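Step one of this worksheet: look at the structure below.
The values are calculated or read from the model by the stated rules, or taken from the named source; none is laboratory data. Only a predicted model underlies this, so the values are computations on that prediction, with no experimental measurement involved. So basically every Cβ, Gly included, is an ideal-geometry build from the backbone, and we count neighbours across all protein chains shown.
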Amino acid sequence: MLNKLREKMEKGEQTIGTFVSASNEAFVECLGYTGLDYVIIDTEHGPYDTMDMMSMIRAAESVDLTPLVRIADVTHKEIQRAADCGAQGLIVPCIRTMEEIHKLVDLAKYSPLGNRGFIKGRGCHFGNQAWAAGSMEQFMEMSNEKLLVLPQCETAECLDIIEDVMKVDGVDGIFIGPFDLSFSMGIPGRFDEPVFEEAIQRILKACQDAGKPAFIFTPNEEAARARLAQGFDSVTNGLDPGVITAAYKEMVRKIRG
Ligand code: 3PY
Ligand code: MG
């Protein structure tokens with residue numbers, strides 16, 4: 001299978017990833033030596049241009065870390081450039097409507113699921129990978145398998161339609177953004193409100209009923225362990241500025257005693 005993250009999930013393995021929103025390709029390479037399964041290159045919040053994103057995708061591939069990209073919105077340019085640079089998954093923020101879901105699948109997947117614009121780009125090493133040399137039908141099927149489409153459920157509007165979202169062919173799973181979801185529900189950051197946990201469990205159930213993986217962002221290791229114990233397929237823990245700062249603070253604390 002071309003996408004190692006998809007392969008692990010299909011075997012029932014729970015996976016761990018992290019966000020990179022401020023660092024560069026050397027940092028992404030280092031992440032590949034840690035045991036993480038994937039990295040999400042955050043172009044929604046990070047200061048990255050297309051070349052930065054492509055360099056970090058290359059760095060991740062060099063250490064067998066699955067590179068996913070969080071795009072900014074559901075537009076042709078955002079989806080096409082990430083897919084063509086070799087992203088193996090798109091995390092898509094702030095979804096609100098079924099129209100956006102259908103547009104996303106249409107732009108990200110080749111026929112018969114959608115109408116992605118054709119090019120043999122970096123994702124198949126510009127056509128030099130063996131899988132890309134067969135028939136066009138094979139190329140489209142394998143490209144569709146390689147690129148995971150993971151809309152974020154992080155608005156009250158998306159929560160309302162989550163069961164329908166999960167039924168769409170071409171949606172490969174869901175990524176929960178707990179912060180934005182809580183903001184959208186009018187309970188910003190109040191993760192202990194029962195209504196918030198009910199929402200999380202509703203999304204998890206919708207994924208399980210559809211047989212598709214549920215990803216969730218977690219702010220710390222304790223939260224990550226708890227979500228895995230609840231049956232989440234994947235946790236994306238932390239962001240590079242926070243993790244780096246905490247690690248260096250701990251280093252300094254240990255030296256100063
Ligand atoms: C959120 O919590 O809103 C996120 O998007 C986390 O990635
Ligand atoms: Mg968010």
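Scan the range 76-102 for residues that are without any contact (Cβ under 8 Å) to a residue 40 or more places away in the chain and over 25 Å from Pro178 (Cβ atoms) and jot them down.
Once the filter is applied, which keeps residues that are without any contact (Cβ under 8 Å) to a residue 40 or more places away in the chain and over 25 Å from Pro178 (Cβ atoms), the range 76-102 yields Lys77, Gln80, Arg81, Asp84, Cys85, Gly86.
Can you give me the number of residues within the range 106-125 that are surrounded by fewer than 22 Cβ atoms within 10 Å (Cβ to Cβ) and more than 16 Å from Met54 (Cβ to Cβ)?
The qualifying residues number 10.
Tally up the residues in the range 60-72 that are in contact with a strand residue (DSSP E or B) (Cβ under 8 Å, 6 or more places away or on another chain) and of a type outside the set (Lys, Arg), please.
Looking only at the range 60-72, we keep the residues that are in contact with a strand residue (DSSP E or B) (Cβ under 8 Å, 6 or more places away or on another chain), and these are 60-61, 65-71.
With of a type outside the set (Lys, Arg) added as a condition, the list becomes 60-61, 65-69, 71.
Adding up the residues that qualify gives 8.
Suppose we keep only residues that are under 16 Å from the mean Cα position of the chain (by Cα) and polar (S, T, N, Q) within the range 236-251. Which one would you say is farthest from ligand 2 (Cβ to nearest atom)?
Applying the first criterion (under 16 Å from the mean Cα position of the chain (by Cα)) to the range 236-251 yields 236-240.
Of the ones still in play, those that are also polar (S, T, N, Q) are 236-237.
Working: Thr236: 11, Asn237: 15 Å.
For the range 236-251, the residue satisfying everything is Asn237.
Out of all the residues in the range 201-208, is one or more within 16 Å of ligand 1 (Cβ to nearest atom), loosely packed, with under 14 Cβ neighbours inside 10 Å and over 15 Å from the mean Cα position of the chain (by Cα)?
As a first pass, look at the range 201-208 and keep what is within 16 Å of ligand 1 (Cβ to nearest atom): 203-204.
Going one step further and asking which of them are loosely packed, with under 14 Cβ neighbours inside 10 Å, we end up with none.
Scanning the range 201-208 turns up no residue that is within 16 Å of ligand 1 (Cβ to nearest atom), loosely packed, with under 14 Cβ neighbours inside 10 Å and over 15 Å from the mean Cα position of the chain (by Cα).
Conditions tested, residue by residue: (1) within 16 Å of ligand 2 (Cβ to nearest atom); (2) modelled with pLDDT of 95 or more; (3) aromatic (Phe, Trp, Tyr); (4) over 20 Å from Leu107 (Cα atoms).
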{"residue": "Asn3", "(1), (2), (3), (4)": "no, yes, no, no"}
{"residue": "Gly12", "(1), (2), (3), (4)": "no, yes, no, yes"}
{"residue": "Phe19", "(1), (2), (3), (4)": "yes, yes, yes, yes"}
{"residue": "Pro47", "(1), (2), (3), (4)": "no, yes, no, yes"}
{"residue": "Met53", "(1), (2), (3), (4)": "no, yes, no, no"}
{"residue": "Val63", "(1), (2), (3), (4)": "no, yes, no, yes"}
{"residue": "Val74", "(1), (2), (3), (4)": "yes, yes, no, no"}
{"residue": "Ile91", "(1), (2), (3), (4)": "yes, yes, no, no"}
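Taking the range 222-234 on its own, how many of its residues are in contact (Cβ under 8 Å) with a residue 24 or more places away in the chain and assigned to a helix (DSSP H, G or I)? Explain how you work it out, then say what you get.
Quick first cut of the range 222-234, residues in contact (Cβ under 8 Å) with a residue 24 or more places away in the chain only: 224, 228, 230-234.
Still in the running and assigned to a helix (DSSP H, G or I): 224, 228, 230.
Of the residues in the range 222-234, 3 are in contact (Cβ under 8 Å) with a residue 24 or more places away in the chain and assigned to a helix (DSSP H, G or I).
Pick out the one residue from Val39, Val69 that is touching a Pro at 6+ places or on another chain (Cβ under 9 Å) and buried (at least 20 other Cβ atoms within 10 Å of the Cβ).
Just a single option satisfies the conditions, and that option is Val39.
Take the residues in the range 150-189 that are surrounded by fewer than 15 Cβ atoms within 10 Å (Cβ to Cβ) and within 12 Å of ligand 1 (Cβ to nearest atom); name whichever of them is nearest to Asp42 (Cα to Cα).
Looking at the filtered set, the residue picked out is Phe179.
Here is a list of conditions, (1) surrounded by 14 or more Cβ atoms within 10 Å (Cβ to Cβ); (2) under 24 Å from Val28 (Cα atoms), and Phe232 meets all of them except one; can you say which number that is?
Result: Phe232 fails condition (2) only.
Out of (1) touching a strand residue (DSSP E or B) at 6+ places or on another chain (Cβ under 6 Å); (2) of a type outside the set (Ser, Thr, Tyr); (3) not in a strand (DSSP E or B), what's the single condition that is false for Ala246?
Condition not satisfied by Ala246: (1).
List the residue pairs whose Cβ atoms are under 8 Å apart, where the first residue sits in the range 177-188 and is in contact (Cβ under 8 Å) with a residue 12 or more places away in the chain, the second is of a type in the set (Asp, Glu) and within 8 Å of ligand 2 (Cβ to nearest atom), and the two are 6 or more positions apart or on different chains.
Gly177/Glu154; Pro178/Glu154; Phe179/Glu154; Asp180/Glu154; Leu181/Glu154; Ser184/Glu154
Being away from ligand 1 (no atom under 16 Å from the Cβ), surrounded by 16 or more Cβ atoms within 10 Å (Cβ to Cβ) and of a type outside the set (S, T, N, Q): is that true of Lys77 here? Break it down stepwise before answering.
On the way: away from ligand 1 (no atom under 16 Å from the Cβ): yes; surrounded by 16 or more Cβ atoms within 10 Å (Cβ to Cβ): no; of a type outside the set (S, T, N, Q): yes.
The answer is no for Lys77.
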